[in-house]
Amino acid sequence: MQVETTRFGAIEVPDDEVVTFADGLPGFAGARSMVLLGAGDLAGAERGSGHHSLYWLQDVADPGLAFLTTVPWAAYPDYDIDIDADDLGGADPDDLCVLAIVTVRREDGAVRLTSNLLAPVVIDTRRRIGRQLILQDTDWPVQAPLADSLADGAG
(Lines give C-alpha, C1' and ligand atoms only; values in the text may rest on other atoms or scores of the structure.)
Protein backbone atom coordinates (compact mmCIF):
# COMPACT_ATOMS: atom_id res chain seq x y z
CA MET A 1 0.00 0.00 0.00
CA GLN A 2 1.20 3.50 -0.76
CA VAL A 3 0.91 6.02 2.06
CA GLU A 4 1.14 9.73 1.32
CA THR A 5 2.92 11.70 4.03
CA THR A 6 3.72 15.36 4.47
CA ARG A 7 7.13 14.66 6.04
CA PHE A 8 8.44 11.81 3.86
CA GLY A 9 6.48 11.98 0.62
CA ALA A 10 4.90 8.81 -0.71
CA ILE A 11 6.10 5.65 1.02
CA GLU A 12 5.35 2.00 0.34
CA VAL A 13 4.15 0.04 3.37
CA PRO A 14 3.09 -3.63 3.43
CA ASP A 15 -0.66 -3.95 4.05
CA ASP A 16 -0.03 -6.20 7.05
CA GLU A 17 1.87 -3.42 8.86
CA VAL A 18 -1.18 -1.18 9.27
CA VAL A 19 -2.22 -0.82 12.92
CA THR A 20 -5.93 -0.36 13.59
CA PHE A 21 -7.06 1.95 16.39
CA ALA A 22 -10.77 1.08 16.77
CA ASP A 23 -11.41 4.13 18.96
CA GLY A 24 -8.94 6.43 17.23
CA LEU A 25 -6.63 8.43 19.47
CA PRO A 26 -7.93 10.90 22.07
CA GLY A 27 -8.48 14.17 20.24
CA PHE A 28 -8.04 12.43 16.88
CA ALA A 29 -11.06 10.14 16.63
CA GLY A 30 -10.61 9.78 12.88
CA ALA A 31 -7.07 8.40 13.23
CA ARG A 32 -7.97 4.73 12.97
CA SER A 33 -5.36 3.28 10.59
CA MET A 34 -1.72 4.07 11.21
CA VAL A 35 1.73 2.70 10.47
CA LEU A 36 4.92 2.77 12.52
CA LEU A 37 7.95 4.17 10.74
CA GLY A 38 11.38 3.78 12.34
CA ALA A 39 12.93 7.16 13.09
CA GLY A 40 16.28 6.18 14.59
CA ASP A 41 17.52 6.39 18.14
CA LEU A 42 17.52 8.99 20.87
CA ALA A 43 20.92 10.57 21.44
CA GLY A 44 22.38 9.07 24.59
CA ALA A 45 19.92 6.17 24.69
CA GLU A 46 21.12 2.59 25.05
CA ARG A 47 21.67 0.84 21.76
CA GLY A 48 21.93 -2.75 20.70
CA SER A 49 18.34 -4.01 20.98
CA GLY A 50 17.97 -4.21 17.20
CA HIS A 51 14.95 -1.89 17.37
CA HIS A 52 14.60 1.86 17.10
CA SER A 53 13.89 4.01 20.14
CA LEU A 54 12.06 6.63 18.03
CA TYR A 55 9.13 6.01 15.68
CA TRP A 56 6.70 8.06 13.66
CA LEU A 57 3.10 6.92 14.10
CA GLN A 58 1.78 7.99 10.70
CA ASP A 59 -1.91 8.15 9.84
CA VAL A 60 -2.71 6.28 6.62
CA ALA A 61 -5.54 8.59 5.52
CA ASP A 62 -4.20 12.02 6.58
CA PRO A 63 -0.73 12.82 5.17
CA GLY A 64 -0.22 15.62 7.72
CA LEU A 65 -1.04 13.58 10.82
CA ALA A 66 1.99 11.89 12.37
CA PHE A 67 3.13 11.60 15.96
CA LEU A 68 6.75 11.33 17.01
CA THR A 69 6.94 8.58 19.64
CA THR A 70 9.62 6.96 21.74
CA VAL A 71 10.04 3.65 23.48
CA PRO A 72 9.82 5.05 27.02
CA TRP A 73 12.50 2.83 28.56
CA ALA A 74 15.13 4.30 26.22
CA ALA A 75 14.89 7.61 28.09
CA TYR A 76 13.18 6.62 31.33
CA PRO A 77 14.68 3.30 32.47
CA ASP A 78 12.59 3.37 35.68
CA TYR A 79 9.29 3.63 33.76
CA ASP A 80 7.10 0.95 35.27
CA ILE A 81 3.49 0.44 34.28
CA ASP A 82 0.89 -2.28 34.55
CA ILE A 83 -1.05 -2.93 31.37
CA ASP A 84 -4.20 -5.00 31.57
CA ALA A 85 -4.15 -7.38 28.61
CA ASP A 86 -7.94 -7.07 28.49
CA ASP A 87 -7.51 -3.42 27.44
CA LEU A 88 -6.26 -4.81 24.12
CA GLY A 89 -8.60 -7.78 23.83
CA GLY A 90 -6.47 -10.26 25.77
CA ALA A 91 -3.16 -9.54 24.02
CA ASP A 92 -0.10 -11.58 24.93
CA PRO A 93 2.24 -9.26 26.89
CA ASP A 94 5.16 -10.42 24.72
CA ASP A 95 3.38 -8.98 21.66
CA LEU A 96 3.00 -5.46 23.09
CA CYS A 97 4.90 -2.42 21.88
CA VAL A 98 4.64 0.54 24.27
CA LEU A 99 5.31 4.05 22.98
CA ALA A 100 5.14 7.53 24.51
CA ILE A 101 4.07 10.43 22.32
CA VAL A 102 6.73 13.15 22.14
CA THR A 103 5.77 16.81 22.06
CA VAL A 104 8.14 19.41 20.63
CA ARG A 105 7.68 22.97 21.91
CA ARG A 106 9.59 26.17 21.33
CA GLU A 107 10.06 28.18 24.51
CA ASP A 108 12.18 31.30 24.76
CA GLY A 109 13.99 30.46 21.52
CA ALA A 110 14.87 26.93 22.63
CA VAL A 111 13.34 23.59 21.72
CA ARG A 112 11.80 21.62 24.58
CA LEU A 113 10.95 17.93 24.17
CA THR A 114 8.55 16.14 26.51
CA SER A 115 7.02 12.67 26.58
CA ASN A 116 3.52 11.71 27.64
CA LEU A 117 4.18 8.90 30.13
CA LEU A 118 0.66 8.99 31.57
CA ALA A 119 -1.03 7.95 28.31
CA PRO A 120 1.15 5.48 26.40
CA VAL A 121 0.22 4.14 22.99
CA VAL A 122 0.14 0.35 23.20
CA ILE A 123 0.22 -1.80 20.08
CA ASP A 124 -0.42 -5.53 19.85
CA THR A 125 2.20 -6.25 17.19
CA ARG A 126 0.80 -9.70 16.35
CA ARG A 127 -2.81 -8.66 15.77
CA ARG A 128 -1.91 -5.11 14.63
CA ILE A 129 -4.34 -3.33 16.93
CA GLY A 130 -3.52 -0.30 19.04
CA ARG A 131 -4.94 1.89 21.73
CA GLN A 132 -3.82 4.87 23.73
CA LEU A 133 -4.27 4.02 27.38
CA ILE A 134 -4.72 6.52 30.17
CA LEU A 135 -3.02 5.04 33.20
CA GLN A 136 -4.77 5.14 36.56
CA ASP A 137 -3.18 5.29 40.00
CA THR A 138 0.16 6.56 38.76
CA ASP A 139 2.26 9.67 39.08
CA TRP A 140 3.80 9.49 35.60
CA PRO A 141 3.59 12.95 34.00
CA VAL A 142 1.95 14.04 30.78
CA GLN A 143 4.98 16.24 30.05
CA ALA A 144 8.09 14.39 31.22
CA PRO A 145 11.16 16.37 30.12
CA LEU A 146 12.88 14.23 27.51
CA ALA A 147 16.23 15.97 27.18
CA ASP A 148 16.69 16.10 30.97
CA SER A 149 16.21 12.34 31.27
CA LEU A 150 18.84 11.71 28.60
CA ALA A 151 21.31 14.14 30.15
CA ASP A 152 20.85 12.50 33.57
CA GLY A 153 21.44 9.03 32.11
CA ALA A 154 24.46 10.04 30.04
CA GLY A 155 26.47 11.42 32.94
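The values are calculated or read from the model by the stated rules, or taken from the named source; none is laboratory data. Quick caveat, the model's predicted, so the values are computed rather than measured. So basically every Cβ, Gly included, is an ideal-geometry build from the backbone, and we count neighbours across all protein chains shown. What goes into the accessible areas is simple: the full protein's heavy atoms, side chains included, and nothing from ligands, DNA or RNA. Shrake-Rupley method; radii C 1.70, N 1.55, O 1.52, S 1.80 Å.
Restricting to strands (runs of 3 or more DSSP E) lying wholly in the stretch 95-155: which have 1 or more residues that are over 17 Å from the mean Cα position of the chain (by Cα) and at pLDDT below 95?
Answer list for the stretch 95-155: 96-107, 110-115.
Of all the residues that make up the stretch 81-94, how many are assigned to a loop (DSSP other than H, G, I, E, B), touching a helix residue (DSSP H, G or I) at 6+ places or on another chain (Cβ under 9 Å) and surrounded by fewer than 17 Cβ atoms within 10 Å (Cβ to Cβ)?
Number satisfying all stated conditions: 3.
Of ASP80, ASP41, ASP84, which residue is among the acidic types (Asp, Glu) and modelled with pLDDT of 90 or more?
On inspection, the qualifying residue turns out to be ASP80.
Looking only at residues that are in a loop (DSSP other than H, G, I, E, B) and closer than 14 Å to GLY130 by Cβ in the stretch 11-28, which one is most open to solvent (accessible area, probe 1.4 Å)?
Filtering first and then ranking leaves ASP23.
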